[in-house]
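Notes to accompany the following structure.
No value in this document is a laboratory result; all are computed from the given coordinates. Just so it is clear, the structure is predicted and the values come from calculations on it, not from any experiment. Quick reminder, even Gly has a Cβ in these numbers, built from the backbone with ideal geometry, and neighbours come from all protein chains shown.
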Amino acid sequence: MRLSRDDIIMRAFMITIGLYLVVTLALPLYTMLSKSFENSDGMFIGLTNYIEYFNTPALVYSIENSLFIALITTAITITIAYTFAYALTRSCMPFKGLFKALTMIPILVPSLLPGIALVYLFGNQGMLKELMFGHSIYGPIGIIIAEVFFTLPHAIIILITALSIADARMYEAALSLRASRTRIFFTVTIPGCRYGLISAAFVVFTLAITDFGAPKVIGGDFNVLATDIYKQVIGQQNFEMGAVVSMVLMIPAVFAFVVDRIVQKRQAASLTAHAVALVPKPNKNFDRTMLVFCMLVSFFLLGMLGVCQYAALVKFYPYDLNIGLTNYQFDLMDGGGWDSYLNSIELASWTAILGTVLVFTGAYMVEKCRGFDNGRSVFQMLAMLPMAVPGLVLGLAFIFFFNAPDNPLNVIYHTMIILVISTIVHFYTVSHLTAVTALKQLDVEFESVAASLKAPFYRTFWRVTVPICLPAILDISIYLFVNAMTTVSAVIFLYGPDTNLASVAVLNMDDAGDIAPAAAMGMMIFYTAAGVRLAHYFLSRMLDKRTQSWKMR
Amino acid sequence: MQFHKIFKSAGKIAAGVIAASVLSTPALAATLTVYTAVEAEDLKKYAARFNKDHPDIEIKWVRDSTGIVTAKLLAEKANPKADMIWGLAATSLLLMKGEGMLHAYRPKGIENISPKFRDKADPPSWTGMDAWVAAICVNTVEAKKHNLPMPSSWKDLTKPVYKGHVIMPNPNSSGTGFLDVSSWLQLFGEEGGWAFMDGLHENISRYTHSGSAPCKLAARGETAIGVSFAFRGAKSKAQGAPLEIIIPSEGIGWDMEATAIIKGTKNMTAAMILADWSVSEAANKMYNEGYAVIGIQRLAKPVKYFPENIAGAMIDNDFQWAATNRKRILKTWQAKYDSKSDPKKK
């Protein structure tokens with residue numbers, strides 16, 4: 001096949017973006033892997049670090065602790081999320097839209113925030129301390145509650161999708177065979193969404209085992225792998241041991257990732273074109289029970305947020321309960337003051353703009369490029385890889401790679417650029433998948449028609465693809481924006497004196513014992529993310545009317 | 001303005017942007033990147049006072065807990081980011097001197113600083129600013145609620161009555177935590193020191209990352225007793241917290257906050273100016289606003305809410321010993337106590 005100019009340009013784009021992923025992901029990870037076999041002077045010492053790791057009981061217990069936290073969190077989150085998603089898809093209760101919107105709250109806050117709320121609720125001066133019956137909230141109990149809060153929306157999104165694809169014919173068949181409700185539930189409903197369940201379970205498990213915010217704030221002395229990496233690197237600057245713990249943390253993350261990929265592939269095939277959509281029928285008792293359940297869950301989510309806002313406004317809890325703005329004097333605290341808030345907005349904006357351009361262009365090239373199958377599958381693999389890399393691990397890998405004295409790229413260390421680059425890579429996979437899904441819905445004919453009209457591909461791209469995919473493009477940018485606002489894990493190792501971030505400030509203020517200002521900054525992040533989300537909602541409705549009217553008949 | 005930063009560091013600025021950024025930034029002779037462990041709330045004040053005399057030098061702070069700043073500096077040894085250190089534990093600076101990371105310089109007016117507040121070598125590698133001393137913060141409301149007697153010595157804290165009521169900083173990250181541990185090892189001897197900590201460990205509810213956190217937690221009533229430092233206690237008390245600041249009878253550990261120039265700084269002239277200023281009378285008076293014991297002791301005035309007779313309680317701290325043994329002590333500490341959460345024991 002002779003390569004046209006378009007082919008060459010498209011491949012060049014794809015290779016460039018692919019190289020970007022190699023430099024910002026593959027090379028840093030490789031550097032980190034090799035660091036785990038070196039001593040602090042950079043000498044190769046084989047498995048010595050690993051042997052030391054497994055001979056340090058304090059560190060090894062963390063594996064057990066992390067697994068314990070992640071498993072319990074998964075069990076609780078999936079139970080709640082499943083019931084919630086079931087209520088939203090299979091009942092006729094009112095306010096479904098509202099409930100669905102409320103469950104998205106945890107996505108808009110750093111994972112440190114539920115921990116802070118728990119201190120105010122159940123700490124030694126907690127408002128509801130009695131409910132702990134003498135147990136301490138600092139430790140596994142606190143971490144698990146905070147993780148459930150943090151992971152709930154992710155599980156609910158997946159399970160809503162899984163429960164929405166149901167074939168009404170199966171239920172009709174089951175009913176005509178006189179199966180009981182329970183029997184139908186276990187033989188039709190559960191198997192029907194088994195892939196969704198597995199996928200949700202693994203997503204929650206990975207989030208819980210790699211999360212760092214919740215155990216940092218509420219973990220007390222209950223060590224987990226994520227806080228160990230932080231302690232080794234930040235507390236002792238023992239980078240090599242940090243690299244070893246990172247490798248250990250990668251194992252469950254990669255495992256969960258692989259299982260999830262396999263399951264996702266099967267899920268796609270489970271719905272046939274002949275399926276008839278299931279429409280729930282009203283059932284007074286059931287609908288009411290579901291309504292109460294959803295109200296309780298929403299109350300939990302809103303309550304945590306409300307407590308944080310209250311904490312931020314109280315002058316000196318618990319001795320001076322007057323309301324004031326003293327805790328908003330961020331400039332007198334650790335964490336970089338109000339500048340850090342502005343930096344976060346800057347980071348989020350750059351990540352959203354540059355990240356969306358990069359991700360969407362990359363996805364377009366990989367989808368629409370002709371031939372070059374090897375290159376395309378390498379690119380696909382690179383695009384999926386970030387999903388399997390926990391943020392802390394990515395951040396540490398970045399230090400190793402970008403702060404090496406002989407790396408010419410080390411000028412970007414501590415700058416906004418490295419924060420933008422790392423955040424884009426950190427959240428690349430989900431953005432890429434969103435773009436690919438949107439692009440797959442486009443008929444290939446567009447390109448063929450354009451080619452026969454001798455229009456260069458970029459004109460098609462700009463005049464046809466981008467407008468049609470605008471909703472997906474907006475989704476990606478908003479996803480990147482919100483995550484850049486809330487993330488602490490990768491950036492905690494990378495910010496510099498001029499690039500403090502709001503989310504990191506929450507952590508540093510909490511570390512210094514200034515928990516009320518930490519809550520105040522956390523709520524600033526929430527209001528910003530929520531505001532952007534709302535703006536996105538209205539903007540995309542407007543855009544839908546303008547660019548998506550072709551979908552309506 | 002934020003936009004310029006990115007482009008600038010990328011080194012790819014369009015000419016127009018350069019012009020704009022040059023016009024919008026005031027002309028500064030130098031910008032010093034200063035690493036510090038001084039309390040966050042004081043940083044603005046420190047920079048402002050310095051700028052009163054030297055408005056043309058901008059200070060860019062990098063602040064964190066002592067352990068973190070120390071570790072950060074050590075990690076960046078090959079590729080230093082800091083020009084200067086202003087306000088870091090002398091034990092840490094001794095360590096860095098040993099690694100050859102400090103530029104020896106004799107600040108103008110150093111002869112006013114009491115000899116025990118400066119490096120013995122000439123020219124000295126570091127100069128002390130003030131002494132920061134250990135103290136116990138007791139929340140009187142919480143103590144009453146749980147019927148806790150007021151402790152008067154370190155050993156008191158190991159009594160079973162205090163079980164679960166004591167919080168102290170993790171010496172791995174916190175300079176205060178380290179000065180506590182190293183002072184106990186000096187006061188009670190190596191064996192006695194660890195035995196004391198074994199007992200204390202039984203009563204500790206958790207170890208915090210920062211040295212000020214235990215006192216702030218005590219101030220909020222989140223714990224009854226916080227092992228912290230006197231400066232923090234006085235500040236929290238001034239804010240209205242029901243705190244009692246205890247100076248244990250055995251004596252208290254302490255460390256100096258000190259200043260040093262990083263070897264290889266590209267801003268040597270500005271760094272020297274700051275080093276000179278940091279030993280000046282103006283600077284010492286400023287340190288005295290928070291700290292009772294300072295480099296030029298004749299200038300010292302009593303500090304409000306600060307416990308009295310601090311100087312008498314300060315132990316004869318062997319900084320060289322502490323610096324040399326730092327790594328070993330921290331390692332032992334971590335092995336013994338960092339697994340508070342050990343699931344097998346519960």
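Please list 3J(HN,Hα) in residue order for segment B:269-285, calculated via the Karplus relation 6.51 cos²θ - 1.76 cosθ + 1.60 where θ = phi - 60°; whole Hz, with x for glycine and proline.
So the Karplus estimates, Gly and Pro as x, are 4, 5, 4, 5, 4, 5, 4, 4, 5, 5, 9, 5, 5, 4, 5, 5, 5 Hz.
Between A:Tyr527 and A:Leu131, what FRET efficiency follows from the Cβ-Cβ distance if R0 is 45 Å, with the result rounded to 0.05?
0.95
Using Cα positions and a limit of under 24 Å, work out the lysines in reach of B:Lys304, with same-chain residues fewer than 8 apart set aside.
A:Lys315, B:Lys44, B:Lys45, B:Lys216, B:Lys235, B:Lys237, B:Lys285
Checking the cross-link filter: which lysines have an alpha carbon closer than 25 Å to that of A:Lys545, excluding same-chain neighbours under 8 positions apart?
Within reach: A:Lys96, A:Lys100, A:Lys440.
Could you grab the relative contact order for chain A? Cα pairs under 8 Å, six or more apart, rounded to a whole percent.
Relative CO of chain A lands at 22 percent.
What does the average come to when, for each residue of peptide A:9-19, you count the partner chain Cβ atoms lying within 10 Å of its Cβ?
Mean partner shielding for this stretch: 0.
Can you run phi through the Karplus equation (6.51, -1.76, 1.60; θ = phi - 60°) for segment B:222-228 and list ³J(HN,Hα) in whole Hz, with x for Gly and Pro?
6, 9, 7, 10, x, 7, 8
Might you report the magnitude of the Cβ-based charge dipole of chain B about its Cα centre, with Lys and Arg at +1 and Asp and Glu at -1, to the nearest 20 debye?
In total the dipole reaches around 900 debye.
Within a 10 angstrom radius of each residue's Cβ in A:396-406, how many Cβ atoms of other chains show up on average? Whole number is fine.
1
How many times 2.2 N^0.38 Å is the alpha carbon radius of gyration of segment B:173-305?
It is 1.26.
Principal axes first, then extents: for the Cα atoms of segment A:371-443, list largest minus smallest coordinate on each axis, whole Å, largest first.
Largest to smallest, the principal-axis extents are 48, 23, 20 Å.
Taking Cα centroids, how far is segment A:90-145 from segment A:408-482 in Å?
36 Å
Starting with the highest mean, order A:89-98, A:172-181, B:230-239, A:14-23 by the number of other Cβ atoms within 10 Å, averaged over the residues of each peptide.
Those peptides, ordered most packed to least, come out B:230-239, A:14-23, A:89-98, A:172-181.
When the helices in chain A are scored as -39500 (n - 2.57) per DSSP H run of 4 or longer and the sum is shared across all residues, what 222 nm value do you end up with, to the nearest 500 deg cm²/dmol?
Rounded to the nearest 500, the figure is -21500 deg cm²/dmol.
Using Cα positions and a limit of under 16 Å, work out the aspartates and glutamates in reach of B:Lys144, with same-chain residues fewer than 8 apart set aside.
B:Glu222, B:Glu244
Could you tell me which residue out of A:Ala200, A:Ser452, B:Pro123 lies farthest along the dipole of the protein assembly as shown toward its positive end? Charges go on the beta carbon: Lys and Arg +1, Asp and Glu -1, centred on the Cα centre.
My answer, from the dipole projection, is A:Ser452.
How would you rank B:Val227, A:Val259, going from fewest to most other Cβ atoms within 10 Å of each one's own Cβ?
Ordered from fewest to most neighbouring Cβ atoms within 10 Å, B:Val227, A:Val259 come out as A:Val259, B:Val227.
Relative contact order of chain B: what whole-number percent is it, with Cα pairs under 8 angstrom and at least 6 residues apart?
Averaging sequence separation for qualifying contacts and normalising by length gives 23 percent for chain B.
Which of the peptides B:39-50, A:239-250 is most tightly packed, and how do the rest follow, going by the mean number of other Cβ atoms within 10 Å of each residue?
The peptides rank, most packed first, as A:239-250, B:39-50.
Could you check how many percent of all C-alpha pairs in the protein assembly as shown are farther apart than 42 Å?
Cα-Cα pairs in the protein assembly as shown separated by more than 42 Å: 38 percent.
Peptide A:326-334: average number of partner chain Cβ atoms within 10 Å per residue?
Shielding by partners across A:326-334 averages 3.
Nearest 500 deg cm²/dmol is fine: what mean residue ellipticity at 222 nm does chain B get from its DSSP H runs of n ≥ 4 alone, each adding -39,500 (n - 2.57), divided by its residue count?
Calculated from helices alone, the mean residue ellipticity at 222 nm is -12500 deg cm²/dmol.
Taking the square root of 5 times each eigenvalue of the Cα gyration tensor, what semi-axes in Å does the equivalent ellipsoid of segment A:54-182 have, largest first?
Equivalent-ellipsoid dimensions as semi-axes: 36, 20, 14 Å.
Name the residues of segment A:392-406 whose amide N is less than 16 Å from a point 7 angstrom out from the Cα of A:Phe44 along the C-beta direction?
It comes to no residues whatsoever.
By counting other Cβ atoms within 10 Å of each Cβ, how are A:Glu445, B:Glu257 ranked from fewest to most?
Ascending number of Cβ neighbours within 10 Å: A:Glu445, B:Glu257.
Mean separation of Cα pairs under 8 Å and 6+ residues apart, divided by the residue count of segment B:145-228: what relative contact order is that in percent?
About 38 percent, as a whole number.
What list do you get for A:Met509, A:Met523, A:Met170 if you sort them by fewest beta carbons within 10 Å?
With the sparsest Cβ surroundings first, the list reads A:Met170, A:Met523, A:Met509.
Please express the shape of segment B:122-241 as an equivalent ellipsoid: the semi-axes are the square roots of 5 times the eigenvalues of the C-alpha gyration tensor, given largest first in whole angstrom.
After diagonalising the Cα gyration tensor, the semi-axes are 25, 19, 11 Å.
As a test of the definition: which semi-axes, in Å, follow for segment A:45-324 when you take the square root of five times each eigenvalue of its alpha carbon gyration tensor? Largest first, please.
38, 28, 14
For the protein assembly as shown, which cysteines have no disulfide-compatible partner, meaning no other cysteine Cβ under 4.7 Å?
A:Cys92, A:Cys193, A:Cys294, A:Cys308, A:Cys369, A:Cys469
Which of A:Ile251, A:Phe293, A:Asn65 sits farthest toward the positive end of the charge dipole of segment A:45-324, with +1 on the Cβ of Lys and Arg and -1 on the Cβ of Asp and Glu?
Of the listed residues, the answer is A:Phe293.
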